Every structure is written in structure tokens, then in C-alpha cells.
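Quick one: this structure, given as C-alpha cells, is what I'll be asking you about.
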Amino acid sequence: MEGGGPLTACPQNPFRLSFLMGGHDELTQTEDCHFLSIYTPSRKGARPVLVWIHGGAYLAGSGEEAAYDGSLLAEEGDIVVVTISYRLGAFGYLHDMDHRIVNLGLKDQIVALRWVRENISCFGGNPDKVTLAGQSAGGHSVASIISSCHEPLCRRAIIQSAPFTFRNTVKSARKMLAAFTGKAGKRPADCTTEEILAAQKSYLAAVSSMMPFSPLEPDISGKVTIPSFEKVLVSWQKDDAYPFVALKLGRTDKAGNLFHHLIGWIATQAGVIIPSRKYASKLESNGVKTETVVFDWRPDASFFGACHCLELTLLFGNWERWKGTGMIGDTTREQWEQKGREVRKKWIDFIR
């Protein structure tokens, strides 16, 4: 990968899962955050392409983070990896229907896909062999795109631990806009970046939802509108919801008891596994080839188990970024690297 411009992120408040994933990179936060990074073995050729949409509850993260460095995936798979950034929180998902401000973050993602289709051949990629992938809110974004986009922007998709149960309606969006405006004391369009973040922090503290900011009326029913679409891989973690239960119960620094683990199991089943299976089944009934994968690897001395985000460490590698984080526990580098090779091979085989 050749050097590029400054590494940026959409303005955001501190991430609530830092106890699990470690701190985010110190990137330049700016509303001018429409960047993508391209990792390619060579500018010559026509390789399969992976376009990655990061997660973070539509509130945090950036495609420019070291966590999503695609160098290892590109090298091992002889593929081109593209990571994208998009507007988050109130900047991308505070919908104002009266002023036609709707789904700005989702539109950012689609624009990035169009750019890839038009330009990726210059970087050794094949625009007709694009796999769109994302985890958590990124997976939710992928489901939203493949069921609403009518352009041939990708042929396959990978959806990891998507929160399928979250749906933002016109009614809830109007209610959110009114409450947010009350917190800000004026129209969001008249606020500075700092005022938006302050109002967002205050708003989040007053609501119970784990993901209040999200696309408006996303159709994630399992239909696909993208022409020539081939296949979807849907995956989840066996203990996906454990970190969120720990966060709710204030148990982020020590193991919970049997009751806490029971709540984690129930939340994982109800919030992730059952909805993911239903989504995959619906895709199949609509004629889309579907594959499912469950991650059950539990790192040594990590009481979060096979938790949300854990597969990201294996998929992108970069031990220096992940060692010492809550979800890695005492796992040795050798164990971690062995698991990583297995995961990357599975994903690369699907992409190719």
C-alpha cells in the first residue's frame, strides 16, 4: 500500500466498548471524513475485491484504524481490500425528513461502492468480483445496502454479528430529532461539531437503546435488489452479547456469576443468533445462496468468551493492536495466529 493523506475519522465521543477492544487510534476527527484505503498486492491484474464497512453501533470507529489494516488479508488471499469511512451518529443518522436529510451515512457507503466499481481496476481489482462485508453496524449496513440498492455494486456479501432486531422508523426518527434538538437547544444544522457531540452524548445518556442511530426504514427482510447477486455468508459469535450484558450490569472488569452468563446466553440467542438464522433462511427462500458460520473460539482467561468483535482480531491480524485487550485474555500469539489463519482462509475462499 502506498502512502496517502491524513488518517481521519468522523467526529465521535469515546467508544463504550473500549474495555473490550482497547482504545481507538488517535485519528484526526473531521466532518470531512470521506476516505477509503486500498490494500493490493499489485496494481496489475484483476483480483477479487473485498470492501469492508466497520462497525461501532453507527457511533464510533473509522475505516482508517489499524484494527482494519487490510495488508495481511490482501497478501494471503491475493485480493484487493478496501476499507471505507462514513458519517456516524448525528452526522450520518439523525434524520430530518422535512429537510430531506436522511441516511447520509448509508449514502456515503453507497458512494464509496460506486467509486470502487469505477476505479478499482486501476489498483489490480476486478469491479465485477466485489464482496461487500461488515461487522455489527457494518453488517447491518451491508444488509441494508443489498436489499435496497439497484446497482451492480457487489456480487457477494459477508454479514458478521449484525443487529437485525434494530429498526429505525419514521415515528422513532421524528421523536429522536425532537429530543436531540431539545438537548442541543437549536436545530442540529445550526450547531458546531462540538455542540453536536455534546448533544449526542446527552441524548445517549437518556435513552435505553444500544443503537439509536441507524438507517431510516432499512429493509433487512432478506430480499436482494442488486443485479447478478450471488451469495451471502452470515456469521455470528457464540457469546456475541456478553460484552453488552457486562456493560449493562457494570461487570466490565471482572467475571460475572452464573446468572450473568445466563443473561448473556439469552441475549445472544434473542438478539443475534435467532435473527441471523431467520435472515439467512429468508435469503434462501428468496433464491439467494446462503452460508452460515458460528465462531465458538474462547480465548484463555477471557471471561467474555467467544464475544462480539473477537473475530475481527483474527480476520485482520495485527497482534500489536489487539494484545492485552479484554477479549484476547491470556491467549498466546501462537494460538491466536493459528486461529487467524483458519478464519482468513475461510473468508478468502468465499471472496474468491
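Taking the options Arg352, Arg321, name whichever one is among the basic types (Lys, Arg), more than 14 Å from Met21 (Cα to Cα) and either buried (at least 21 other Cβ atoms within 10 Å of the Cβ) or touching a residue at least 40 places away in the same chain (Cβ under 8 Å) (or both).
Of the residues listed, the single one that is among the basic types (Lys, Arg), more than 14 Å from Met21 (Cα to Cα) and either buried (at least 21 other Cβ atoms within 10 Å of the Cβ) or touching a residue at least 40 places away in the same chain (Cβ under 8 Å) (or both) is Arg352.
Another one. Would the stretch 146-164 turn up any residue that is touching a Lys or Arg at 6+ places or on another chain (Cβ under 8 Å) and within 13 Å of Leu94 (Cβ to Cβ)?
No, there is no match, as no residue in the stretch 146-164 is touching a Lys or Arg at 6+ places or on another chain (Cβ under 8 Å) and within 13 Å of Leu94 (Cβ to Cβ).
Among the residues of the stretch 198-232, write down those that are within 28 Å of Met327 (Cα to Cα) and either part of a strand (DSSP E or B) or β-branched (Val, Ile, Thr) (or both).
Correct list: Val207, Val232.
If I filter the stretch 45-63 for residues that are touching a Lys or Arg at 6+ places or on another chain (Cβ under 7 Å) and either assigned to a loop (DSSP other than H, G, I, E, B) or at pLDDT 95 or above (or both), do I get at least one hit?
Yes: one or more hits.
Between a residue in the stretch 87-111 that is free of Cβ contacts under 8 Å to residues at least 60 places away in the same chain and closer than 26 Å to Cys154 by Cα and any residue that is of a type outside the set (Phe, Trp, Tyr) and part of a helix (DSSP H, G or I), which pairs come within a Cβ distance under 6 Å, given they are 6 or more apart or on different chains?
So the pair list comes out as Leu104/Gly92; Gln109/Ser141.
Of everything in the stretch 176-197, what is among the basic types (Lys, Arg) and assigned to a helix (DSSP H, G or I)? Give them in sequence order. Give the derivation first.
Residues of the stretch 176-197 among the basic types (Lys, Arg): 183, 186-187.
Lys183 - this is the single residue of the stretch 176-197 that is among the basic types (Lys, Arg) and assigned to a helix (DSSP H, G or I).
Can Val245 be described as more than 18 Å from the chain's Cα centre (by Cα), under 25 Å from Gly22 (Cα atoms) and surrounded by 21 or more Cβ atoms within 10 Å (Cβ to Cβ)?
yes
Give me the residue from the stretch 309-329 that is polar (S, T, N, Q) and assigned to a loop (DSSP other than H, G, I, E, B) and, out of that set, farthest from Gly134 (Cα to Cα). Before you say what the answer is, go through the steps one by one.
Pass one, the stretch 309-329, residues polar (S, T, N, Q): 313, 318, 325.
Narrowing the set further to residues that are assigned to a loop (DSSP other than H, G, I, E, B) leaves 318, 325.
Working: Asn318: 18, Thr325: 21 Å.
Step by step, filter the stretch 309-329, then rank; the result is Thr325.
Determine if the stretch 199-210 includes at least one residue that is touching a Cys at 6+ places or on another chain (Cβ under 8 Å) and surrounded by 13 or more Cβ atoms within 10 Å (Cβ to Cβ). Walk me through it before giving the result.
Here is the first cut: in the stretch 199-210, the ones touching a Cys at 6+ places or on another chain (Cβ under 8 Å) are 199.
Cutting the leftovers down to surrounded by 13 or more Cβ atoms within 10 Å (Cβ to Cβ) gives us 199.
Yes, that holds for at least one residue.
Still on this structure, I have one more. Would you check which residues across the stretch 48-62 are closer than 26 Å to Arg352 by Cα and buried (at least 24 other Cβ atoms within 10 Å of the Cβ) and list them? Walk me through how you get there before you give the answer.
From the stretch 48-62, those closer than 26 Å to Arg352 by Cα are 48-55, 62; that's our starting set.
Once the filter is applied, which keeps residues that are closer than 26 Å to Arg352 by Cα and buried (at least 24 other Cβ atoms within 10 Å of the Cβ), the stretch 48-62 yields Val49, Leu50, Val51, Trp52, Ile53, His54, Gly55, Ser62.
Which one of the conditions (1) of a type outside the set (D, E, K, R); (2) within 20 Å of the chain's Cα centre (by Cα); (3) crowded, with 20+ Cβ neighbours inside 10 Å does Pro299 fail to meet, given that it meets all the rest?
Unmet for Pro299, out of (1) of a type outside the set (D, E, K, R); (2) within 20 Å of the chain's Cα centre (by Cα); (3) crowded, with 20+ Cβ neighbours inside 10 Å: (2).
Among the numbered conditions (1) more than 30 Å from Phe350 (Cβ to Cβ); (2) aromatic (Phe, Trp, Tyr); (3) surrounded by 19 or more Cβ atoms within 10 Å (Cβ to Cβ), tell me where Phe19 comes up short.
(3)
If you don't mind, there's one more thing I want to ask. Tell me, which helices (runs of 4 or more DSSP H) wholly within the stretch 69-169 include 3 or more residues that are over 16 Å from the mean Cα position of the chain (by Cα)?
Passing ranges, in order: 71-77, 104-119.
Considering only residues that are in contact with a Gly (Cβ under 7 Å, 6 or more places away or on another chain) and either buried (at least 24 other Cβ atoms within 10 Å of the Cβ) or hydroxyl-bearing (Ser, Thr, Tyr) (or both), which ones fall in the stretch 27-46?
Scanning the stretch 27-46 gives Ser37, Tyr39, Thr40, Ser42.
Follow-up. Could you give me the residue pairs with C-beta distances under 6 Å whose first residue belongs to the stretch 69-80 and is buried (at least 19 other Cβ atoms within 10 Å of the Cβ), whose second residue is of a type in the set (Lys, Arg) wherever it lies, and which are 6+ apart or on separate chains?
Every condition considered, the pairs that remain are Ile79/Arg47; Val80/Arg47.
The values are calculated or read from the model by the stated rules, or taken from the named source; none is laboratory data. All figures in this text were calculated on a predicted structure; none of them were measured in a lab. All Cβ positions, glycine included, derive from the backbone under ideal geometry; neighbour counts span all protein chains shown.
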